[in-house]
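Inspection log for the structure reproduced underneath, given as structure tokens.
Values quoted throughout were computed directly from the atomic coordinates according to the rules given, and no laboratory measurement underlies them. Given the structure is predicted, the values throughout are model-derived calculations rather than measurements. Positions of Cβ are backbone-derived with ideal geometry, glycine not excepted, and every protein chain shown enters the neighbour counts.
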Amino acid sequence: MMEVDRLVVGPLGVNCYLLWNPEGRGALVVDPGDDGAGIVAECRRRELVVRGVLLTHAHVDHIRGVGAVAAAFGCPVRLSPADLPLYRSPANALPPWLAAAVDLPAPGTVPADLPGLAFEILETPGHTPGGGCYFFPEAGVVFTGDTLFAGAIGRADLPGGDHGALLRSIRDRLLPLPDATRVLPGHGAESTIGAERRQNPYLR
């Protein structure tokens, strides 16, 4: 069974997730938003072999640790092509809190069928043009980035955001998942699909 742990990184409190197969120690990292050296150290402490980085979107607070993780493990990075302009832009920064990310590798293909770590990509534009979520059906977990939170949804008022597209993405791609599916968002506490379907005030 896949194991998951959360590291809260950076001044905006991004949830970076480590997920791994305890039998082979193969691992993936979701949204290494900052403190790349700390993420690498934690992976090595756990003796994880990182096979890829999965990015839910390319806002700066979710990508500043990508270069360090990818370089340390020689692993590919998955990002929707629609977010490439944002990923590469030197204006993708939040001064004075966050400078633009540096040493970012070109995105590539992360195997979706690693033993114990099989996932599906759910394209969920709205927060950004290339927003995406990662559903791990065997583990019953979906990583939603800044698309869906516990009791809230992502912002759509930033450049490239689209509120209507965001709501369609959530309703068409996320809410059909099983009720018990754990929702692991980009910030804040976890939830479940069933709880968000019943209680999220933005989805009524």
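Each row is one residue, and each column tells you yes or no for (1) without any contact (Cβ under 8 Å) to a residue 60 or more places away in the chain; (2) within 21 Å of residue 10 (Cα to Cα); (3) not polar (S, T, N, Q).
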position: 30; (1), (2), (3): no, yes, yes
position: 35; (1), (2), (3): yes, yes, yes
position: 43; (1), (2), (3): yes, yes, yes
position: 46; (1), (2), (3): yes, no, yes
position: 51; (1), (2), (3): no, no, yes
position: 57; (1), (2), (3): no, yes, yes
position: 72; (1), (2), (3): yes, yes, yes
position: 80; (1), (2), (3): yes, no, no
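Condition test on residue 142, is it part of a strand (DSSP E or B) and surrounded by 15 or more Cβ atoms within 10 Å (Cβ to Cβ)? Spelling it out, residue 142 is indeed part of a strand (DSSP E or B) and surrounded by 15 or more Cβ atoms within 10 Å (Cβ to Cβ). Looking across region 123-139, the residues that are in a loop (DSSP other than H, G, I, E, B) and in contact (Cβ under 8 Å) with a residue 40 or more places away in the chain come down to 124, 125, 126, 127, 128, 129, 130, 131, 138, 139. Here residue 61 meets each of (1) acidic (Asp, Glu); (2) in contact (Cβ under 8 Å) with a residue 24 or more places away in the chain; (3) part of a loop (DSSP other than H, G, I, E, B) with one exception, condition (3). Scanning region 148-194 for residues that are of a type in the set (A, V, I, L, M, F, W, C) and exposed (fewer than 15 other Cβ atoms within 10 Å of the Cβ) yields a total of 3.
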